[in-house]
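Single-structure report; data block below.
Rule-based calculations on the coordinates, nothing more; no lab input. Owing to the predicted nature of the structure, the values given are computational and were not obtained by experimental measurement. We place every Cβ from the backbone using ideal geometry, glycine too, and count neighbours over all the protein chains shown.
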Amino acid sequence: MIRYFFSSRARPAYRFSVMLLIAVGGCLMQRAALSEDAASEPAKYLGVVTCSGSTCHGAPHPLVDSKVNQNEFITWHRDDAHAKAYRVLLEEKGQRIAHNLGLDNAATASECLNCHANNAPEAQRGKRFQIADGVSCETCHGPASKWLGTHVTGEASRADNLKVGMYPTEEPAARAKLCLACHLGAENKFATHRIMGAGHPRLSFELDTFTVLQPAHFRTDADYRSRKRVASHVETWAVGQSAAAARTLELFISQKGQGAGGLPEFAFFDCHACHHPLTELRWAPRASAGLPPGVPHFNDANLLMLIYLMRATDAQLADELHAGLLALHKASLESADAARTAARSVQATLGKIDSKIRGHAFTADETRGILTSIVRGGRDGEYRDYAAAEQAVMGAHALVDSLPASGGDAAKTAQLNAQIKTLYAVLKDENAYQPARFSAEMKTFEAALQ
Amino acid sequence: MLPLLLISLTGLWYVAASAAEPATPVGLPHERTARFLGVDTCGSTECHGSREPWRNATVAMKERTIWEAHDRHAKAFSSLSSTAGQQIAHNLGLADAAQAADCLVCHTTYVPAAQRGAKFSLEAGVGCESCHGPGGGFLAVHMQPTATHAANVAAGLYPTNEPAARAALCLSCHQGDNVRKASHQLYGAGHPRLRFELDTYTALQPMHVNLDADYRRRKPLASHVQLWMAGQIAAGLQQAAALAGANSGRWPELALFDCHGCHRGINDDPQYRPRQGVKSGALTFNDSAFVVLRGAARIVNPTQVDALRRATRALQVSVNDPGSRASRATALKQEVEMLASALHTYHEQSSDGLAIARALVDEAKAEAPLAFTAAESVAMSLATLIAAEFDEGRLPPADFERVNATLNEIYLAVGNERTYRPTAFAKALNSIGASLGQH
């Protein structure tokens, strides 16, 4: 899950089978679908085939004269892991995880489908809807039945489309909410420690990095900008951190914070604090945790990023969040009630921070200041947890990507990118992660920033 | 909880002893009230610190010399000042391990100052009186020409020759109890993982006693199998009792749980399947003693095996739930107590180490995949049982060589906790099962 490797990845050869799919779909069909809808009915999901005609979003190559690429379907189908989300449920590993969970079949279990497909209620599935499409167009862009027609004819504005159910994916806060529903959890979607124990991979997410890695199937050209706002990498990153921290606490406070038999739900805790070899001592004191050795601790990666972000922009809020985090760590050893109370207090601070971040136009100086602050946290050993180190590198990458647009120098940017590559290498194997080495590389990064 | 635990651990012995001599001091050595006189009192060159064995004494008289030269207990105190010791103390927020009660309770003869004699020194580490009891009670008695073992014990000598008493004593530190806490916090700070098998560790200590005719005349000599069994019973009782009282704050005492259930790579293991009805991702307690005890029960008290298994599983599926953990742990403890009673009867009639070894292999196979700590316990147990049978002449040298080769496979399979694979251990069990089956 590393931006560097993904962005340099060679694209697979064009697949002939894709053409076949395109032939089946057709823009003309979409008109008919629209007329099925009465205004009072809930919007319907029309299925990938409805969007992916070769003259719509299934063009074999980007169309330069068009407002959008029009090959979005191809990009998704060929390079986007979301397209395989359903299929993996049918594979050996998916079936094994289901079996370990006592489920008959992952591909029919709502516990799995809620994230691995567009598991909409039956009444909202159009004629051409296929659960097997996985995480597809309408999973993110919203049910198309009420906007498809005007969207095709160009009669409606962006605002009109949003009003009738198109999802505002270009807004970082909205996008964060959408992505985090699966990549972290929501009311009806949550990867518990039980699911992970059964074999599901650990979740890890950073909004800006994952937008790049997905890969993006849009281009933010002048035409795009005339229609929608383009958030910077730094804003996208910051909003993503804020949303992830808020969602984590919201879920932690909810019933989901309770795991098996009333123990805390392990999914909220740092994975590698326990999952490290017994023969390697992992614990060391950390100023932002204040915990003794030998206790599971809350995964505070996003909160740490926000503390260091605020250190550069609003020291008072940074201190407030730091104090709140220490109290949360302490309370998590006492009782579920104490932990919830402490989490609510952190939530209040996060609300203040979020209002400062959302929609904020970060200047180049601010961005550089935040980058330096994040890097210093690493230098000081505050990202001993693998999850925090991972967030710090993804964040630093997003911040470095923000710099040239604000007038950075190319040689310096290349030097910083080289150091980011080194940091990714330190994180390559989470089972062999060495916090001391990470700190040392962050120190080198800090020197490069001067 | 500790007094209850002690009564159950050494129940039979204490009842018998107190019926004969109501004044006999009870409890572990450090719980006794007489004065502790120090290693220099016992281990002078005229007494137990002789360079060479005495010819006419009932014991070798060079016990201190052996202890000082070869027994790591003698270095228990100085290890607190080693780099590792200081690092652990630092991680725990202690200024000095050599002055912290939490460390000293196991690394020295840690008794109240008022009970320390003139020659007593904490720096002697785990010395004579840590195990044999306060010399102030029995020193004079045991020096009499007419001294008997029974009289010494009545005066306060701790009966280390009794398997149950020795097991309770050793495990109070080597597994930990309510006072000497081998907590997960201690482990997290860097303390090595504890593991123990009574007969093996008695041999490794090394022993400073001659089990000669003279010894046998004075006190009952426990067999290897008896010592091994007593150690496993005590470990099971202590583990169940600790689980019954494991609630402390938001987390149970994590030291009671299977170390490698959590301390393993986070990567997906395609071989993983939920064990014994336990949900994936849940904590599982360290069940090594119970696996071994079920193996023994197959021979000692066959009708109890299923009940033992049910009780262990019932606790395993509910061990994450503080609401039912205590009652199920208590139920499991009662099963182990029943087995201890049955064992008493069994030892009076027979002692067939080979049969128990075979049963243990069968149980370990039935229980596969075994957690690392359970596999390690099975390995140490098999080694003890096989060596005992060889020592006692029931396993001829040629057969011993053959069985021992398969035992090596077992040891290789548990040689490295980081690379342990249950499937490799199961394969080694098949080999040793086959070699044992030919007897």
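Worth pointing out:
- Per-residue ³J(HN,Hα) for segment A:159-174, Karplus 6.51 cos²θ - 1.76 cosθ + 1.60, θ = phi - 60°, Hz, x for Gly and Pro: 4, 4, 4, 4, 4, 9, x, 6, 8, x, 4, 6, 7, x, 5, 5
- Computed from label points 7 Å out along Cα-Cβ, the spacing between A:Lys428 and B:Thr83 is 2.9 nm.
- Residues with amide H under 5 Å from that of A:Gln258, placed H, sequence gap 5 or more: A:Glu265
- The alpha carbon centroids of segment B:30-75 and segment A:72-139 are separated by 73 Å.
- Computed from the C-beta positions of A:Arg158 and B:His90 and an R0 of 45 Å, the FRET efficiency is 0.15 to the nearest 0.05.
- Peptide B:258-268 is shielded by partner chain Cβ atoms: per residue, an average of 6 of them sit within 10 Å of its Cβ.
- Rounded to the nearest whole Hz, the Karplus-based 3J(HN,Hα) values (6.51 cos²θ - 1.76 cosθ + 1.60, θ = phi - 60°) of segment B:100-111 follow the sequence 9, 4, 4, 8, 5, 4, 10, 8, 8, 7, 8, 10, with x at glycine and proline.
- Separation of the B:Ser341 and B:Ala151 label points, Cα + 7 Å toward Cβ, nm: 3.7
- Rounded to the nearest 20, the Cβ-based charge dipole of the protein assembly as shown about its Cα centre (Lys and Arg +1, Asp and Glu -1) stands at 1000 debye.
- Between segment B:342-411 and segment A:146-178, the C-alpha centres lie 72 angstrom from each other.
- Comparing A:Ser254, A:Thr341, A:Gln241 along the charge dipole axis of segment A:207-449, the residue lying farthest to the positive side is A:Gln241, per the Cβ-charge model.
- Nonlocal amide H pairs with B:Phe285, under 5 Å, H built at 1.01 Å: B:Asp258
- Within segment A:358-450, trypsin sites (Lys or Arg not before Pro) in DSSP loop having at most 12 other beta-carbon neighbours inside 10 Å: A:Lys428
- Annotation: the protein assembly as shown has a Kirkwood hydrodynamic radius of 31.5 angstrom, from the mean reciprocal C-alpha pair distance.
- Of B:Lys119/B:Lys181; A:Lys67/A:Lys228; A:Lys163/A:Lys228; A:Lys44/A:Lys127; A:Lys330/B:Lys279; A:Lys412/A:Lys443, pairs whose Cα-Cα distance is over 18 Å: B:Lys119/B:Lys181; A:Lys330/B:Lys279
- Shape class for segment A:234-371: prolate, because the ratio a/c of the largest to smallest gyration tensor axis (alpha-carbon atoms, square roots of eigenvalues) is 1.5 or more and a/b beats b/c.
- Largest GNM mean-square fluctuation among B:Pro53, B:Pro112, B:Pro270, using chain B with Cα springs under 10 Å: B:Pro270.
- Choice from B:Thr108, B:Thr45, B:Thr83 showing the highest fluctuation, given a GNM over chain B with Cα pairs closer than 10 Å: B:Thr83
- Chain B: equivalent-ellipsoid semi-axes (sqrt of 5 x gyration tensor eigenvalues, Cα, Å): 35, 27, 21
- Partner aspartates and glutamates whose Cα lies under 19 Å from the Cα of A:Lys177, excluding those fewer than 8 positions away in the same chain, are identified as A:Glu138, A:Glu187, A:Glu206, A:Asp208, A:Glu235, A:Glu250, A:Asp300, A:Asp354.
- Applying both filters, DSSP loop and at most 14 other Cβ atoms within 10 Å, to the trypsin sites (Lys or Arg not before Pro) of segment B:396-439 gives B:Arg418.
- Diffusion of segment A:207-449 by Stokes-Einstein, at 20 °C in a medium of 1.002 mPa s and with Rh set to the Kirkwood radius over alpha-carbon pairs, works out to 114 µm²/s.
- Mean Cα-pair separation over length for chain A, i.e. relative contact order, pairs under 8 Å, 6 or more apart, %: 13
- Percent of Cα pairs exceeding the 12 Å cut-off, where the set is segment A:279-335: 67
- Positive-end ranking of A:Leu350, A:Phe210, A:His82 along the dipole of chain A, with charges on Cβ about the Cα centre, is headed by A:His82.
- Working from label points 7 Å from Cα in the Cα-to-Cβ sense, the A:Arg78 to A:Tyr224 distance is 1.8 nm.
- If the chain linking B:Ser350 and B:Cys47 were pulled fully straight, counting 0.36 nm for each residue of separation and taking away their Cα-Cα distance, it would gain 105.2 nm.
- With Cα atoms as the point set, the radius of gyration and Dmax of segment A:119-235 evaluate to 16.3, 50 Å.
- Here the Karplus curve 6.51 cos²θ - 1.76 cosθ + 1.60, taken at θ = phi - 60°, turns the phi angles of segment B:201-212 into couplings of 6, 5, 5, 6, 3, x, 5, 10, 9, 9, 7, 8 Hz, with x standing for Gly and Pro.
- Using alpha-carbon coordinates, inclination of helix B:163-174 to the longest axis of chain B, degrees: 80
- Proximity of backbone amide H atoms, modeled 1.01 Å from N, is registered between A:Phe269 and A:Asn299 at under 5 Å, excluding neighbours fewer than 5 places apart on the same chain.
- Shielding by partners, peptide B:271-277 (average Cβ within 10 angstrom, other chains): 3
- Structure remark: mean-square fluctuation, Gaussian network model of chain A, C-alpha springs under 10 Å; the largest value among A:Pro168, A:Pro285, A:Pro435 belongs to A:Pro285.
- For chain A, the alpha-carbon coordinates run over 64, 55, 41 Å along the three principal axes, in decreasing order.
- Rounded to the nearest 20 debye, the dipole size of segment A:207-449 about its Cα centre is 320 debye, using +1 on the Cβ of Lys and Arg and -1 on the Cβ of Asp and Glu.
- For A:140-146, mean number of other protein chain Cβ atoms within 10 Å: 0
- Spin-label zone in segment A:259-275 - amide nitrogen under 20 Å from a point set 7 Å from the Cα of A:Asp337 along the C-beta vector: A:259, A:261-265
- The dipole here belongs to chain A: it is taken about the Cα centre, uses +1 on the Cβ of Lys and Arg and -1 on the Cβ of Asp and Glu, and is about 480 debye.
- Here's the list of lysines a cross-link from B:Lys219 could span, going by alpha-carbon distance under 28 Å and ignoring same-chain residues fewer than 8 apart: B:Lys62.
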